[in-house]
Amino acid sequence: MTNTIEERLDFSSYLSVDAISSTGLRLLRRSPAHFKARVQEDPTRAQELGTLVHMLILEPDRFRQSVAVGPDVSRATKTWKEFEAGAEGRTLLKRQDYDQISAMADSVMANKAARTLIEKGLKEVSFFWEDADTKMKCKARPDLISMGSLADIKTTSNAHPLAFPRQVANLGYWIQAAFYMMGHLAVYDFPAEEFFFVAVENYAPYVCGVYRASSEMISRGKDEVARLLGIYEDCERSGEWPGYGSNYNYTITIDLPRWAE
């Protein structure tokens, strides 16, 4: 694979490229068996709203073309069914959902640091590269390349600076950030300066915070990416995708979690 940058690649085409992404790496971290058996699950309501918030912030024209706001009636009524039939494949929203998405996007754009990153940034550029150590094909699609740095928009129930890092840890955002930084270096041949999380709450008052990933977070993330790519390489070459030790003939000792002590 040649290391390449695609600035106008649509998301479906990006998904079709056979290469490992940060989402795949984070699933592989649970177990290779989970990665191998991965299926496309229906998104939750929170995930659907998060996708639309991204679209409104990064691609407002596409958002307006892609959604339709329905009447204030049940989706089971004839009125809604008639509205649905005339929507021509657009995403159908209740007024309260549309208002929530708009309020979240407005909150992001009202944050000076977030607005600067967005207004000065290239949006949803796709990276494709070959990992130098494992020769595995990789891909990434950061939300923003802005002023020499990378940024990703995250929706969350709590964007407080003491709470959001828990989401960064639990959902593997630290691995994603490092992987994106590694992809930037591979395709541009120079490192990105920083990685920023633009976190916006999905409950009123929809507070937004902009957080810089520490150098320690990125360093630990790169080490973890290297470890996971090594596992991915081994599985690809051997054709074996183990679960929790089940393929290796050994038992695992467990203990109570720290919070239970």
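The values are calculated or read from the model by the stated rules, or taken from the named source; none is laboratory data. Fair warning: this is a prediction, and the values are worked out from it, not measured in the lab. Positions of Cβ are backbone-derived with ideal geometry, glycine not excepted, and every protein chain shown enters the neighbour counts.
Observations on the structure shown:
- All conditions but one from (1) exposed (fewer than 15 other Cβ atoms within 10 Å of the Cβ); (2) farther than 29 Å from ILE153 by Cα apply to PRO60; the one that does not is (2).
- Breaking point among (1) in contact (Cβ under 8 Å) with a residue 60 or more places away in the chain; (2) surrounded by 12 or more Cβ atoms within 10 Å (Cβ to Cβ), for ASP18: (2)
- As for segment 86-96, it holds at least one residue that is out of contact with any Gly (no Cβ under 8 Å at 6 or more places or on another chain), closer than 26 Å to ILE153 by Cβ and assigned to a helix (DSSP H, G or I).
- Test for TRP174: is it under 23 Å from GLU193 (Cα atoms), without any contact (Cβ under 8 Å) to a residue 60 or more places away in the chain and among the aromatic types (Phe, Trp, Tyr): yes
- Taken over segment 97-130, residues that are over 21 Å from ALA46 (Cα atoms) and crowded, with 22+ Cβ neighbours inside 10 Å amount to 5.
- Top-ranked residue of segment 137-185 - restricted to ones that are assigned to a loop (DSSP other than H, G, I, E, B) and in contact with a strand residue (DSSP E or B) (Cβ under 6 Å, 6 or more places away or on another chain), ranked as surrounded by the most Cβ atoms within 10 Å (Cβ to Cβ): PRO142
- Identification of helices (runs of 4 or more DSSP H) wholly contained in segment 1-75 with 2 or more residues that are over 17 Å from the mean Cα position of the chain (by Cα) yields 32-36, 60-66.
- Residue in segment 242-260 that is aromatic (Phe, Trp, Tyr), modelled with pLDDT of 95 or more and not in a loop (DSSP other than H, G, I, E, B) present: no
- Qualifying residue in segment 84-103 (condition: within 30 Å of VAL198 (Cα to Cα), touching a Pro at 6+ places or on another chain (Cβ under 9 Å) and in contact (Cβ under 8 Å) with a residue 60 or more places away in the chain): yes
- Checked against the criterion of being at pLDDT below 90, farther than 30 Å from GLU130 by Cα and of a type in the set (Asp, Glu), the candidates ASP42, ASP61 yield just one match: ASP42.
- Every pair of residues 6+ apart whose Cβ atoms lie under 6 Å, when the first sits in segment 44-67 and is touching a residue at least 12 places away in the same chain (Cβ under 8 Å) while the second is of a type in the set (Gly, Ala, Ser): VAL53/ALA105; LEU56/ALA105; ILE57/ALA105
- Output for segment 21-48, where each listed residue is touching a Phe, Trp or Tyr at 6+ places or on another chain (Cβ under 6 Å) and of a type in the set (A, V, I, L, M, F, W, C): LEU27, LEU28, ALA33
- Within segment 203-215, not a single residue is of a type in the set (D, E, K, R) and over 24 Å from ASN111 (Cβ atoms).
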